[in-house]
Amino acid sequence: MMKNDNRPTLPPQAKRSLGIKATNFISNLVIYVLLTIITVIWLIPFVCIVLQSFRVESTWMVGYVLPQKWGLDNYMALFETKFPVWYMNTFLIALFTAAGQTIITLCMSYTLSRFRFKLRKPLMRFMLILGMFPGMLGMIILYNVLKDLGMTEASSVPGLILVNIASSGMGYYVSKGFFDTIPKSLDEAARIDGATRLQVLTKIILPLAKPIVIYTILTAFMAPWGDFVFARYISNNNIDGMNVAVGLYSWLNLDQINSHYTMFCAGGVLVALPVTILFMCLQKYYVEGVTGGAVKG
Amino acid sequence: MKKYTDLEYLQLPKWKRLVYTLVCFVCAIPSGIWNFVKKIFTAVVGFFKAIGTECADIYFTFVNGDWKTRVSFVVMGFGSIARGQILRGLLFLAMEIIFVVYMFAGGAHWMGQLMTLGTRGPEKVYDPIMDVYNTYYHDNSFKILLYGVLTIFFIVGLIFTWRINIKQNKISQQILASGKKLKSGKDDLRSLVDDNFHATLLSLPLVGILVFTVMPMVFMILVAFTNYDSLHNGYTNNLFSWVGLESFNTMFNWTGDNVNYSVTFGEILSWTLIWAFFATFTNYFLGMGVAMMINKKGIKWKKFWRSCLVMTVAVPQFISLMYVSKMFANNGIVNGFLLDMKWISEVLPFWTDVNWARVMVIILNVWVGIPYLMLMVTGILMNIPQDLYESAKIDGANAWQQYTKITLPYMLFVTGPYLLTSFTGNMNNFNVIFLLTGGGPNMTDVPGVLGAPGETDLLVTWLFKMITTSEPAAYNLASVIGIMVFVVVAGISLVVYNVMPSIKNEEDFQ
């Protein structure tokens, strides 16, 4: 009987008359009902999108959910479009971004958490202020610079990877919060035993930081699948340089939606499936990251 | 005004406490502003003092220096090489050579044109032999601005390196004078993985931030003071040039032809703030509620509930949001279902009516945001010491009292920083708005405003429209909006930072 009712469930009079066991039962029942309703609401869109991806009789938007004719036609049709190219683009971007971003973020957060150097505070303050500018503003110039380097439109994949990795130093907060929780006495003990700073990092901190490393890889890998704004600007409507988000978005344009709506659903399912499974498997680490990072700000 | 002591304050009735706190806050504003001005003043004075000391130090280094030091004033790194620190010396020298080469290769050229941003636009020249008009392109304002800014960065960097070079000479001289030995190149290298390990680790991320974040931002802030748009793109049609505050004038003119801009800006800003407020707090409290329900003792299948809800975190937002947006379209599933059931006789205008659209984005944002909150809150709830609840129960506190007196204060304290970042993050929440409504329905009362702003547009989505779909694309106005977003976010953060204790003392949390 610890904190078994944090929510108001029944007025105090009812409590007295029902006894603690009955109150508990009723409040639990109410919670179960609420949770079921919430879960259903949460899952409806996902169920709908899966169902509609199997609809064969028409390709446009309809006002009903259950297909009248089932089939895999929409999935087959995907392979006749540029969808596989987009998929590959996104996968490559996600892979390289995950690798690069993890290294950069860990360097940044570890340093800011562990070292006390003269420019530390000004640097952090500067990055905080920098983060207050809407990043979208930089798009125009980045587009022009990448265009000069030949990394836009059809070959926008390397450009997107470069920009994703280069700007990842700004998002150090969550992992810094995690490093802050590893006791400093560990470092000091190792230092006294004669380890260099590099050895402290590789031999002591990194093994302990496994959750945050996985968290960083996971978020860095997932972000490009939903990256829309920048990818759209860089690819500049070139069909070969799009990622899945931009490509599928173009299918919901007014002139395409009638012929591509169910294919959008099928494509969405194919994109969401691996990402979701990956996320569900590594959920534990994600929770650790989210909690730690939020508390530290 | 009468100041209460803590004891007197606690004896006041609740509403009087509130009034007292408010009055205190208002009274503190003038002194707060005064303190702020004083702080800035001291900072400026301190800055010039620091420059003064630096100059004096450089002067004395030169006067007291030997010939090696003095040569280093011109040839960077000479002193280090002459004293046997070859690695360091070569690095300094390399910096200087790179700088000189860059300046000659074009840096000086770009710098020189920075004031005008180019004088010779594209020219059409008639070619009598071929009987055609050929266009010749000359200056490129965009590149002048870009490389001009880059050159300034380079110069500042070189000045700093030069200063370090001088300091090095001074220190080496002192060390040698006291009869000790200088560090060898090997020692220097070793310090990069040891004493100066932080420099090694930070170099790569900082270069990335400098090139891909800082430089674009500086460039874009400067663009706000030019007339850069797609009709003046600086190369192929017209050059652009400095126009001072004209773009700000367009945006914030309360009279005259451009009054529509200021009206639109006001409307969008107020909607942005309303949206951020509701998006943050609905998520926060509902998410907390769901987390507490799932974590309640005696509730089974905790993992199942949690996994179902986090689907919205796992599935990429563009899929879920775009799909949901279509679900609520006029010919979408929801309207179809309601019509079939005969619950409504005509479609509900989810996205076509202003009020419907605004409420819908807030509700759907809850759908997106609650799972995230739930995951976060779950961890924090576990950390609340259980004995607090025990003793509260013994004192006869009911569930509601326990919540308001224990859970909520604890949560607010711990997640204070998160609330702030979440508020500012929501102000810039591009995805939810753009993918759900695309900013629509369009504003009808402000014709002629670039970017075709809609009723649910946030400042950032308006900015995005300005640089992508607008005809002509108004980069200068977009940049003004960006600066205003910064001002608003910075202002809010500044106030909150000064009120909240848990952010101020970053070290206390470690």
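The values are calculated or read from the model by the stated rules, or taken from the named source; none is laboratory data. The structure presented is a predicted model; accordingly, all values stated were derived computationally and were not measured. Heads up, the Cβs are rebuilt from the backbone with ideal geometry, glycines too, and the neighbour counts pull from every protein chain shown. Surface accessibility is based on the protein's heavy atoms, side chains included, excluding ligands, DNA and RNA. Shrake-Rupley method; radii C 1.70, N 1.55, O 1.52, S 1.80 Å.
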For segment B:182-284, give me every one of the helices (runs of 4 or more DSSP H) that falls completely inside it and has 1 or more residues that are at pLDDT below 90 and not assigned by TED's automatic domain parsing to the domain that holds residue B:89.
B:246-252
Filter segment B:322-336 down to residues that are at the interface with chain A (Cβ under 7 Å from one of its Cβ atoms) and either aromatic (Phe, Trp, Tyr) or more than 17 Å from residue A:59 (Cα to Cα) (or both), then give me how many there are.
3
Segment B:122-169: number of residues that are surrounded by fewer than 17 Cβ atoms within 10 Å (Cβ to Cβ) and not hydroxyl-bearing (Ser, Thr, Tyr)
22
Would you mind listing the helices (runs of 4 or more DSSP H) fully within segment B:1-75 where at least 3 residues are in contact (Cβ under 8 Å) with a residue 12 or more places away in the chain and under 30 Å from residue B:177 (Cα atoms)?
B:14-64, B:67-72
Would it be correct to say that residue A:116 is farther than 16 Å from residue A:166 by Cβ and assigned to a helix (DSSP H, G or I)?
no
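Can you tell which of B:415, B:421, B:444 is under 22 Å from the mean Cα position of the chain (by Cα) and free of Cβ contacts under 8 Å to residues at least 24 places away in the same chain? Outline the logic, then answer.
On the way: B:415 fails: free of Cβ contacts under 8 Å to residues at least 24 places away in the same chain; B:444 fails: under 22 Å from the mean Cα position of the chain (by Cα).
Testing whether each residue is under 22 Å from the mean Cα position of the chain (by Cα) and free of Cβ contacts under 8 Å to residues at least 24 places away in the same chain leaves just B:421.
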With A:241, A:247 as the choices, which residue is part of a helix (DSSP H, G or I) and buried (at least 20 other Cβ atoms within 10 Å of the Cβ)?
A:247
Before we move on, is residue A:128 open to solvent by 20 Å² or more (accessible area, probe 1.4 Å) and either more than 8 Å from chain B (Cβ to nearest Cβ) or under 30 Å from residue B:195 (Cβ atoms) (or both)?
yes
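Restricting attention to segment B:383-402, which residues are outside any helix (DSSP H, G or I) and at the interface with chain A (Cβ under 9 Å from one of its Cβ atoms)? If you could, list the steps in order and put the result at the bottom.
Taking segment B:383-402 and keeping what is outside any helix (DSSP H, G or I), we get B:384-385, B:395-398.
Scanning segment B:383-402 gives B:384, B:398.
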What is the residue count in segment A:198-208 for residues that are within 12 Å of chain B (Cβ to nearest Cβ) and either in contact with a Lys or Arg (Cβ under 6 Å, 6 or more places away or on another chain) or without any contact (Cβ under 8 Å) to a residue 60 or more places away in the chain (or both)?
4
Quick one: residue A:199 ticks every box in (1) under 19 Å from residue A:113 (Cβ atoms); (2) open to solvent by less than 70 Å² (accessible area, probe 1.4 Å) bar one, so which box is it?
(2)
Picking from B:294, B:319, B:333, the residue that is in contact with a Lys or Arg (Cβ under 6 Å, 6 or more places away or on another chain) and closer than 23 Å to residue A:38 by Cβ would be B:294
Please give the number of the condition residue B:363 fails out of (1) at the interface with chain A (Cβ under 10 Å from one of its Cβ atoms); (2) modelled with pLDDT of 85 or more.
(1)
Within segment B:432-461, how many residues turn out to be within 14 Å of another protein chain (Cβ to nearest Cβ) and surrounded by fewer than 20 Cβ atoms within 10 Å (Cβ to Cβ)?
2
Checking the condition more than 8 Å from every other protein chain (Cβ to nearest Cβ) and modelled with pLDDT under 90, which residue from B:305, B:351 passes?
B:351
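Starting from residues that are among the aliphatic types (A, V, I, L, M) and not in a helix (DSSP H, G or I), keep the ones in segment B:285-312 and report whichever is nearest to residue B:368 (Cα to Cα).
In the first step, residues of segment B:285-312 are kept if they are among the aliphatic types (A, V, I, L, M); the result is B:286, B:288, B:290-294, B:299, B:309-311.
From what is left, the residues that are not in a helix (DSSP H, G or I) are B:299, B:310.
On the way: B:299: 24, B:310: 9 Å.
Ranking the candidates gives B:310 first.
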Kindly evaluate residue B:358 against the criterion of being surrounded by 16 or more Cβ atoms within 10 Å (Cβ to Cβ), more than 9 Å from every other protein chain (Cβ to nearest Cβ) and basic (Lys, Arg).
yes
In segment A:55-102, the residues that are under 25 Å from residue B:328 (Cα atoms), within 13 Å of chain B (Cβ to nearest Cβ) and either open to solvent by 20 Å² or more (accessible area, probe 1.4 Å) or in a loop (DSSP other than H, G, I, E, B) (or both)
A:58, A:60, A:61, A:62, A:63, A:64, A:65, A:66, A:67
All-but-one check, residue A:157 against (1) within 12 Å of another protein chain (Cβ to nearest Cβ); (2) under 24 Å from the mean Cα position of the chain (by Cα), failing number (1)
Only residues that are over 17 Å from residue B:373 (Cβ atoms), within 13 Å of the chain's Cα centre (by Cα) and assigned to a helix (DSSP H, G or I): list them for segment B:424-434, please.
B:427
Hey, can you tell me all the residues within segment B:447-470 that are in contact (Cβ under 8 Å) with a residue 12 or more places away in the chain and closer than 24 Å to residue A:144 by Cα?
B:450, B:451, B:459, B:460, B:461, B:462, B:463, B:464, B:465, B:466, B:469, B:470
Just one of (1) among the hydrophobic types (A, V, I, L, M, F, W, C); (2) part of a helix (DSSP H, G or I); (3) within 11 Å of chain B (Cβ to nearest Cβ) trips up residue A:220, so point out which.
(3)
Out of (1) open to solvent by 10 Å² or more (accessible area, probe 1.4 Å); (2) among the hydrophobic types (A, V, I, L, M, F, W, C); (3) in a helix (DSSP H, G or I), the one residue B:343 does not meet is (3)
Among the residues of segment A:140-193, the number that are among the hydroxyl-bearing types (Ser, Thr, Tyr), farther than 20 Å from residue A:212 by Cα and open to solvent by less than 10 Å² (accessible area, probe 1.4 Å) is 1
Selection count, segment A:226-238, where residues are surrounded by fewer than 24 Cβ atoms within 10 Å (Cβ to Cβ) and either among the polar types (S, T, N, Q) or in contact with a Pro (Cβ under 8 Å, 6 or more places away or on another chain) (or both)
4
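One line per residue, one yes/no per condition, for (1) open to solvent by less than 10 Å² (accessible area, probe 1.4 Å); (2) in contact (Cβ under 8 Å) with a residue 60 or more places away in the chain:
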{"site": "B:261", "(1), (2)": "no, yes"}
{"site": "B:287", "(1), (2)": "yes, yes"}
{"site": "B:302", "(1), (2)": "no, no"}
{"site": "B:319", "(1), (2)": "yes, no"}
Conditions (1) surrounded by 22 or more Cβ atoms within 10 Å (Cβ to Cβ); (2) more than 7 Å from chain B (Cβ to nearest Cβ); (3) without any contact (Cβ under 8 Å) to a residue 24 or more places away in the chain; number of the one not met by residue A:112
(3)
Any idea how many residues of segment B:313-336 are assigned to a loop (DSSP other than H, G, I, E, B) and hydrophobic (A, V, I, L, M, F, W, C)?
3
Count - residues of segment A:92-129 that are touching a Pro at 6+ places or on another chain (Cβ under 9 Å) and of a type in the set (Phe, Trp, Tyr):
1
